[in-house]
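Notes for the one structure printed next.
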Amino acid sequence: MISAAPLTELKKECEILLREAIKKISPETMLETLVLEKPPVWDFGQIASSACFELAKKLGEKPLALAERVTEAVDKSKFSLVQNVVAAGGGYINFHVNFTNFSALTIDSVRRMDTAYGLVKTDKSLEVIVEHTSVNPLHPIHIGQARNPMLGDSIARLLAGRGHSVSRHYYVDDVGRQTAVIAYGYEKLGKPRPIEKPDHFIGKIYTITSCIVEINRLKKELELAKLVSAEEEIAKINRELDDWTAIAFELKEKYPELFEKLLQKIGEDENPESSINALNRAYEAGDEKARLLIREVSELCLEGFKETLSRIGVSYDSWDWESDLVWSGLVIEVLQKLKQTRYISAVGGVLEFEAGKVVEDLGLREKFGLRKDYEVPSLTLVRADGTTLYTTRDIAYTLWKFRKANRCINVIGMEQSLAQTQLKIALYALGYSEQAENLTHFAYNLVTLPGYKMSSRRGRYITLDEVMNEAVERAYQEVSRRSPQLEEEEKRKVAEFVGIGAVRYALVEVDPLKPVEFNWDRVLNFEKNSAPYIQYTHARACSILRKASRKPEKVSYDLLKAKLENEIVFALAEFPEVFVEAAEFLKPNLIADYANNLADKFNTFYNAFPVLKAEPQELSDARLALVDAVRTVLRNALNLIGVFAPEKM
RNA sequence: GGGCCCGUAGUCUAGGAUGGAUUAGGACGCUGGCCUGCGGAGCCGGAGAUCCUGGGUUCAAAUCCCAGCGGGCCCGCCA
């Protein structure tokens, strides 16, 4: 017999036993839901029910006395996966597992189902779009943004494993002032071919250009302010100017040639600010020259992203260009529809969406968990010059996505919570309440650097590439030290998946809502509670199986008597339930945590018991089967968080 | 001013939706052991915690509610 979820099988048996026993004692009592949990201590049993606490209230009896009567009423002839039932504590009913049967069920299930084990299928398969990463094509992906692809990709893997039809989308944000800035600088340089990784090259041009333009703009503003404004205003501009001047010095030091050239070329422009704005307008209008230029720059940067992302094992099914939404008329269409609602106000060409009013009219306060007096701020949809804003286009994009999917998950930092809420409110205002309900903003907290804030505009960031390179380099040193016998090429290969695995694990392991302060120790961890530790454990298990050079044929599961062996079996049986929870609640960190725990248990086992040399062979074979099952589950778990499970390292 | 998120040993972190048998689980660091077994990226042990504070709900609160404190983020014709 095999089962896709052995633990669920066990719980079912416990539930039937319990319900029948309760019925015997008190035929009238109906318990709708029966929660079965895991006792805090292994020796109490493996499954527990607190039903008697509730029941005791109804029957006016002491919980423990009731629990004792219930356990006596249990029909022991129906035991299959259960060994024993006892009343304990203040009134708990504890089930002890029959491990001869449960080990057989669990280990056989894992080994027979292999790559499918744990990935319990949903009965409501949906078309799901997971949009993640979507870093603007202006500069390399930095470590502050790197949490996004790790989480997004893991979520996509979880949902696909759950049986949903998942599509991974990257939203290319090529519309807006920032893209115009980089394109402007790129053109001023004469559209140079990058002599390095293209996104790094683009990043430099972007930072320098935006710095020069900013200083230029502030200087003009200062002139003006001196004529008309108060001293306070002038001081403020001066402070900003000082700030940018400092950055200019930094950049000039770091990239003297590029800086000089841009300074000179931009200096020839009477009014860079207005050139940039003109470029932005032209692009939105679909002007041929603007299109060619901005697409070229963006593609160049994306080329770099793709290299980075494929190195960490992240790929996409669709690259959605924001500009396409504008040019196809979809954005205008949505704007028209919004204008027909009662929630738009127009002041001198500027269009505002009155989200607060929608909340009141449609009674959405509770749905969004808003406090009683809090008024959701209005959202500007269209600038005075007629160009649209980011969230406006995102509304159109969301509706576009819902043509292809019935659930959309946006992996976006929590600093955009308000915008995402406004977007959702807009969907309600347009009558797309179903879509609004099926739209999830998967928010995660920021990664900060100790001491200062990362700023891509200011060019202050640590890139994901740097982090990966450093991790792989460190991994290489570790490999050389620990496995000197390996060939050079082999060492490089191992260093790559160990280093990358470490980075992925480190970023997916922590609860996404918690803020993370970046430090190298976090991602360069090769010891316990890290991907390398789990990878090592997997390789160790593989090594035993390799050395055995036989399949476990004469298996006697009743010989797996040690508590540790039972604990491992139980942990294997839990995997499907952990997976379901992780997939339903979008918590990839549960998988990371689970894999680490299983690895811990396995290493303890490894140290305590021989496998190959165990006697008799029935025991050896049973342990071999256990090792094989652990190997399988570790691999399946690692796959879900995008970490490679090596057979050797 | 208003809103959102976070606050657990020196450091990092689990648990929190569904309050219970908890004595708050783990890692790093510190510290004492284990190289004759199948990979030491390992194993076993020790010390180390006002679960931010104060109220409330409850027979029972790290968990739920309220107020406050600390850190971060947002409230833009930026994205």
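Summary of values
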| item | result |
| --- | --- |
| Verdict on A:K453 being touching a strand residue (DSSP E or B) at 6+ places or on another chain (Cβ under 7 Å) and either more than 9 Å from RNA strand B (Cβ to nearest atom) or not small (G, A, S) (or both) | no |
| Candidates A:A608, A:A599, filtered to the one that is of a type in the set (A, V, I, L, M, F, W, C), within 10 Å of RNA strand B (Cβ to nearest atom), over 18 Å from A:R162 (Cα atoms) and modelled with pLDDT under 95 | A:A608 |
| Subset of the range A:8-54 (residues that are of a type in the set (V, I, T) and over 12 Å from A:F95 (Cβ atoms)) | A:T8, A:I22, A:I25, A:T29, A:T33, A:V35, A:V41 |
| Any hit, the range A:571-587, residues being touching a strand residue (DSSP E or B) at 6+ places or on another chain (Cβ under 7 Å) and within 11 Å of RNA strand B (Cβ to nearest atom) | yes |
| Subset of the range A:534-567 [buried (at least 21 other Cβ atoms within 10 Å of the Cβ) and within 11 Å of RNA strand B (Cβ to nearest atom)] | A:I534, A:Q535, A:T537, A:H538, A:A541 |
| Test: A:A87 is assigned to a helix (DSSP H, G or I), among the aliphatic types (A, V, I, L, M) and farther than 25 Å from A:V120 by Cβ | no |
| Helices (runs of 4 or more DSSP H) contained in the range A:561-649 and holding at least 3 residues of a type in the set (S, T, N, Q) | A:588-608, A:617-640 |
| Test: A:G163 is small (G, A, S), farther than 26 Å from A:R281 by Cβ, touching a residue at least 40 places away in the same chain (Cβ under 8 Å) and surrounded by fewer than 17 Cβ atoms within 10 Å (Cβ to Cβ) | yes |
| Search result, residues across the range A:341-361 that are surrounded by 14 or more Cβ atoms within 10 Å (Cβ to Cβ) and not acidic (D, E) | A:T341, A:Y343, A:I344, A:V350, A:L351, A:F353, A:A355, A:G356, A:K357, A:V358, A:V359 |
| Yes/no for A:L158 being outside the structural domain of A:G286 (by TED's automatic domain parsing), within 26 Å of A:N445 (Cα to Cα) and more than 18 Å from the chain's Cα centre (by Cα) | no |
| Residue pairs meeting the criteria (Cβ under 7 Å; at least 6 apart or on separate chains; first outside the structural domain of A:E72 (by TED's automatic domain parsing), in the range A:26-55; second in a loop (DSSP other than H, G, I, E, B) and surrounded by 17 or more Cβ atoms within 10 Å (Cβ to Cβ)) | none |
| Selection within the range A:216-241 - in contact with a helix residue (DSSP H, G or I) (Cβ under 7 Å, 6 or more places away or on another chain), without any contact (Cβ under 8 Å) to a residue 12 or more places away in the chain and surrounded by 13 or more Cβ atoms within 10 Å (Cβ to Cβ) | A:E233 |
| Residue check, A:V128 part of a strand (DSSP E or B) and more than 18 Å from the chain's Cα centre (by Cα) | no |
| Boolean, A:S310 is in the same structural domain as A:V213 (by TED's automatic domain parsing), touching a strand residue (DSSP E or B) at 6+ places or on another chain (Cβ under 9 Å) and under 29 Å from A:N148 (Cα atoms) | no |
| So A:K124, is it away from RNA strand B (no atom under 15 Å from the Cβ) and within 30 Å of A:E250 (Cα to Cα) | no |
| Count - residues of the range A:511-537 that are at pLDDT below 95, of a type in the set (A, V, I, L, M) and either over 20 Å from the mean Cα position of the chain (by Cα) or within 18 Å of A:D153 (Cβ to Cβ) (or both) | 2 |
| Answer from A:I129, A:I93 - the residue that is within 16 Å of RNA strand B (Cβ to nearest atom) and in contact (Cβ under 8 Å) with a residue 12 or more places away in the chain | A:I93 |
| Residues of the range A:620-649 classified as within 12 Å of RNA strand B (Cβ to nearest atom) and either hydrophobic (A, V, I, L, M, F, W, C) or in contact with a Ser or Thr (Cβ under 6 Å, 6 or more places away or on another chain) (or both), total | 5 |
| Considering residues of the range A:497-513 that are charged (D, E, K, R) and within 11 Å of RNA strand B (Cβ to nearest atom) only, the residue nearest to A:L586 (Cα to Cα) | A:D511 |
| Condition met for A:A583 (in contact with a Leu (Cβ under 6 Å, 6 or more places away or on another chain), of a type in the set (A, V, I, L, M) and either under 21 Å from A:A637 (Cβ atoms) or touching a residue at least 12 places away in the same chain (Cβ under 8 Å) (or both)) | yes |
| Any pair with Cβ under 6 angstrom, 6 or more apart, that starts in the range A:499-511 at a residue that is in contact (Cβ under 8 Å) with a residue 60 or more places away in the chain and ends at one that is near RNA strand B (Cβ under 9 Å from one of its atoms) and among the hydroxyl-bearing types (S, T, Y) | A:Y505/A:S530 |
| All positions within the range A:41-75 that are more than 11 Å from RNA strand B (Cβ to nearest atom) and charged (D, E, K, R) | A:K58, A:E61, A:K62, A:E68, A:R69, A:E72, A:D75 |
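Let's see how each residue does on (1) crowded, with 22+ Cβ neighbours inside 10 Å; (2) away from RNA strand B (no atom under 16 Å from the Cβ); (3) closer than 25 Å to A:I395 by Cα:
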{"site": "A:Q145", "(1), (2), (3)": "yes, no, yes"}
{"site": "A:A156", "(1), (2), (3)": "yes, yes, yes"}
{"site": "A:G176", "(1), (2), (3)": "no, no, yes"}
{"site": "A:Y184", "(1), (2), (3)": "yes, no, no"}
{"site": "A:K191", "(1), (2), (3)": "no, yes, no"}
{"site": "A:P194", "(1), (2), (3)": "no, yes, no"}
{"site": "A:I202", "(1), (2), (3)": "yes, no, no"}
{"site": "A:T207", "(1), (2), (3)": "yes, no, no"}
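Okay, residues lined up against (1) assigned to a helix (DSSP H, G or I); (2) at pLDDT below 90; (3) among the hydrophobic types (A, V, I, L, M, F, W, C):
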position: A:I205; (1), (2), (3): yes, no, yes
position: A:E214; (1), (2), (3): yes, no, no
position: A:I237; (1), (2), (3): yes, yes, yes
position: A:A248; (1), (2), (3): yes, no, yes
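The values are calculated or read from the model by the stated rules, or taken from the named source; none is laboratory data. Predicted model only: the values in this text are computed from it and were never measured. Quick reminder, even Gly has a Cβ in these numbers, built from the backbone with ideal geometry, and neighbours come from all protein chains shown.
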